[in-house]
Amino acid sequence: MGKKAKERRLPETDAKAIARALRISPRKLNLVAELIRGKSAETALAELSFSRRRIAGDVKKVLQAAIANAENNHSLDVDRLYVKEATVGRTAAMRRFHARGRGRAASVIKPISNLTVIVSERKEREQREEQA
């Protein structure tokens, strides 16, 4: 007995990985996500390795997890993978305060973000067109 397995929402040629509660604003995270959208998995990993942004390491981990999911769970060819989607979401923000003059306080909002990376397998025809 038990629950039925959920139906897969993604096509058979896709795999995804999610990182939740990343301590960075969605706006800054989206700048790094833009770097890898539409690129091959190998190129995207190289871009993130040499990016000087602090959050690039976390984005790289998520991309590596998506590639591993594609290889191990869905038997996709790693050499033909590309980043189909890299979406950034906003979650609850931590509210703190900063002491100001004359006994007052100013609010400081520390944003938290989610990141979803979907990798997909390119068809052979598309692969040849990209290399040419």
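Tabulated values for the structure
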| quantity | calculated |
| --- | --- |
| For region 3-81: rounded, prolate or oblate by the Cα gyration tensor [a/c cutoff 1.5] | oblate |
| Relative contact order for the chain, counting Cα pairs under 8 Å that sit 6 or more residues apart, in percent | 35 percent |
| Links that overshoot a 19 Å alpha carbon limit, given the list Lys3/Lys84; Lys60/Lys123; Lys39/Lys60; Lys6/Lys39; Lys84/Lys110 | Lys3/Lys84; Lys60/Lys123; Lys6/Lys39; Lys84/Lys110 |
| 222 nm mean residue ellipticity, helices alone, for the chain (DSSP H n ≥ 4; -39,500 (n - 2.57); rounded to 500) | -10500 deg cm²/dmol |
| Stretchable slack from Ser107 to Asp77, in nm (0.36 nm times residue separation minus alpha-carbon distance) | 5.9 nm |
| Leading residue at positive end of dipole, region 14-124 (Cβ point charges), from Tyr82, His98, Ala66 | His98 |
| Separation between Cα centres of region 62-132 and region 1-44, rounded to whole Å | 5 Å |
| Proportion of all alpha-carbon pairs of the chain beyond 20 Å (%) | 54 percent |
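Here, each number is a calculation from the coordinates, and none is a lab measurement. Everything numeric in this text was worked out from a predicted model, so none of it was measured. Here Cβ is always computed from backbone atoms with ideal geometry, including for glycine, and neighbour counts include all displayed protein chains.
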